[in-house]
Amino acid sequence: MPFMTPLRAAAKLWTRDSSILLGGFFVTIFLILYIWWPLAQEYLAYVDWSGAWWRYIDWLLLGIFGFMSLTIISRANLKTDLLIIFVGICGGLAIESWGTQTNLWHYYTAERPPLWIIPAWPIASLSIDRVTRSLDWLIKKLSTENTGFTEFFKRSFSVSSGVIFKALYWLTFTAFLGLMLAFVAPTFDKSFTWLAVGLCVLLILTPTDYRLAFLVFIAGTGLGYYLELWGTTRQCWTYYTNQTPPLFAVFAHGMAAVAFWRAGLMLKKLWGRFGFTKPRQTGFMEEA
């Protein structure tokens, strides 16, 4: 029957680990609300429950929440996802510490950094992993199927896809590095900033896979735009430029996603060198 097609597609995306991951996601949200309940009360106090309460609901936040909920449960695999979560927590803590300690941005709670923001990083990393897989699948499908559109695409671009992605990689990451240097210039007197810049330069100059690096960057930037739009327009966090959001902050999510991906690859190699059995990876981390 026709209406079964979406159900079958959903069944293929849902795995045994999807329930565990979704449950952990909601438990994390519950703990954040429970531990930092005064912050939630402060927000709820603005809602006029006796009137048009729906006008006070943060639909952008709910949209982001819904999107990430759907993406993280898609083809969930704890063997892969636990590594992504671990890297996301460590990387998120490092990035938030750098930004708040150097005053590139600050939170309305004045914490440097606030612990309640850290869980957002591994959750976003899982979502970026799923989006990257989808983009990678779409590109492979377009490059292998012989349809009218793909034939036109192949005739229009006589060079190989590898050359295209290599060019896109260097154009994108060179532009990002220039944007980063301009944005963090006021904090060049901070050793933390030089460490961050040095790490970015090292990652950019040592690519492992041009195509995947570019796709991870695009996925991270896309999700990062909506996260930054929500956070800066709600004044949850504020950058020193007072932009909502600054362009660098949006692209920085893409760079952070690439850094997390590369860190995951490095940990996998170290894990193998110590003689431990490496689990089979199903995410984009295995392909570089």
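The values are calculated or read from the model by the stated rules, or taken from the named source; none is laboratory data. Keep in mind it's a predicted model, so treat the numbers as computed, not measured. Backbone-built Cβ (ideal geometry, glycine too); neighbour counts: all protein chains shown.
Structure notes:
- Residue in the stretch 225-242 that is buried (at least 23 other Cβ atoms within 10 Å of the Cβ), at pLDDT 95 or above and among the aromatic types (Phe, Trp, Tyr) present: no
Every residue, every condition in (1) touching a strand residue (DSSP E or B) at 6+ places or on another chain (Cβ under 7 Å); (2) modelled with pLDDT under 90; (3) among the basic types (Lys, Arg); (4) surrounded by fewer than 20 Cβ atoms within 10 Å (Cβ to Cβ), yes or no:
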| residue | (1), (2), (3), (4) |
| --- | --- |
| Gly222 | no, no, no, yes |
| Phe251 | no, no, no, no |
| Trp261 | no, no, no, no |
| Trp271 | no, yes, no, yes |
| Lys278 | no, yes, yes, yes |
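- Selection status of Thr174, β-branched (Val, Ile, Thr) and exposed (fewer than 13 other Cβ atoms within 10 Å of the Cβ): yes
- For the stretch 23-67, the tally of residues that are in a helix (DSSP H, G or I), without any contact (Cβ under 8 Å) to a residue 60 or more places away in the chain and touching a helix residue (DSSP H, G or I) at 6+ places or on another chain (Cβ under 7 Å) stands at 2.
- If only residues of the stretch 97-116 that are part of a helix (DSSP H, G or I) and among the hydrophobic types (A, V, I, L, M, F, W, C) are counted, the one that is nearest to Asn242 (Cα to Cα) is Trp98.
- In the stretch 1-22, the residues that are modelled with pLDDT under 75 and part of a helix (DSSP H, G or I): Met4, Thr5, Pro6, Leu7, Arg8, Ala9, Ala10, Ala11, Lys12, Leu13
- Criterion (at pLDDT 90 or above and more than 30 Å from Thr233 (Cα to Cα)) met by exactly one of Ala167, Ala94: Ala167
- Residue match in the stretch 208-223 (condition: charged (D, E, K, R), closer than 20 Å to Val131 by Cβ and in a loop (DSSP other than H, G, I, E, B)): yes
- Some residue of the stretch 37-57 being surrounded by 11 or more Cβ atoms within 10 Å (Cβ to Cβ) and within 22 Å of the chain's Cα centre (by Cα): no
- Of the residues making up the stretch 180-209, those that are at pLDDT 95 or above and crowded, with 17+ Cβ neighbours inside 10 Å are Met180, Phe183, Val184, Thr187, Thr193, Ala196, Cys200, Leu203, Ile204.
- Filter result for Leu60 (within 16 Å of Ser127 (Cβ to Cβ) and either surrounded by fewer than 20 Cβ atoms within 10 Å (Cβ to Cβ) or modelled with pLDDT of 95 or more (or both)): yes
- Residues satisfying the stated conditions in the stretch 111-147, i.e. of a type outside the set (S, T, N, Q) and exposed (fewer than 14 other Cβ atoms within 10 Å of the Cβ): Glu111, Leu115, Trp137, Leu138, Lys140, Lys141, Glu145
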